[in-house]
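Heads up, the thing below is written out as structure tokens.
What follows is calculated from the coordinates using simple rules that are stated; it is not laboratory data. What you see is a predicted model; the values in this text were computed from it and never measured. Every residue, glycine among them, receives a Cβ derived from its backbone with ideal geometry; neighbour counts consider all protein chains shown.
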Amino acid sequence: MSFKWNLSDDLGKGKKCSPETLELLFNLYADTVYQAAFYVLKDAALAEDITQETFFTAYQKLFQVKSPQKVKAWLVRIAINKAIDLSKRRKTFIPFNEVIGKQKVGQDIETMIIHKETIRGVEEAILALPPIYHQIFYFRYYLQFTIPEIAASLDRPENTVKSHLKRIKRTATAYLKKQASLGRRCGNESQR
């Protein structure tokens, strides 16, 4: 209960948050912020740097958050945005393979290669979408936020979030259908 009291004291005041509040935020959300950064970058050292930058930003701008219930999502959004910016500078991409599926034990080498190529292609297809889609994807499939929670966290209407999720699914499905049709054509040609 004291957390919400201390946090409420720092919200909407137009000043930096107190060191005590920053420490509470760090203790509560550092792991979540780190995981969000690592999800984007797949590099532990860079994820730690982004985590530190995120809490530095929180120290300076916590007053911008309207309610204590939005702090976690606000921190995650900062981390994802900073990680995306860094990944663009480094020309890396956001891996979605954990969501698409993990490798099954006992699969043959050919199946493993096809699986990895498929994941890479879906990643590239989703990366072609604007960054807001990456955030929504992360909130929905990694943090398991509900649509209303995502909408509140990103200050977007629920129907907009639903539309974005449908577009993400359509993008992934279109890529997979394209690959399947290419596979059938290649298979038919090899049988001739």
Practice item. Tabulate in residue order the Karplus-calculated ³J(HN,Hα) for segment 81-90, using 6.51 cos²θ - 1.76 cosθ + 1.60 with θ = phi - 60°, rounded to whole Hz; enter x for Gly and Pro. Key: 4, 5, 5, 4, 4, 5, 5, 5, 5, 8
Practice item. Kindly flag which residue pairs out of Lys42/Lys70; Lys70/Lys169; Lys61/Lys166; Lys42/Lys162; Lys42/Lys177; Lys16/Lys162 have an alpha-carbon separation exceeding 30 Å in this structure. Key: Lys61/Lys166; Lys16/Lys162
**Study point:** Karplus-derived 3J(HN,Hα), 6.51/-1.76/1.60, for each residue of segment 26-33, Hz, glycine and proline x
**Key:** 4, 4, 7, 10, 4, 5, 5, 5
Revision key, fill the gap. Counting sequence-distant residues (5 or more places) and residues on other chains, those with an amide H built under 5 Å from that of Phe145 are Arg140
Point to revise | Radius, Kirkwood style, for segment 105-184 when every pair of distinct Cα atoms is counted (Å) | key: 14.0
Check your understanding: Picking from Ser153, Leu129, Met112, whose Cα lies most toward the positive end of the charge dipole for segment 105-184 (charges on Cβ: Lys, Arg +1; Asp, Glu -1)?
Key -> Leu129
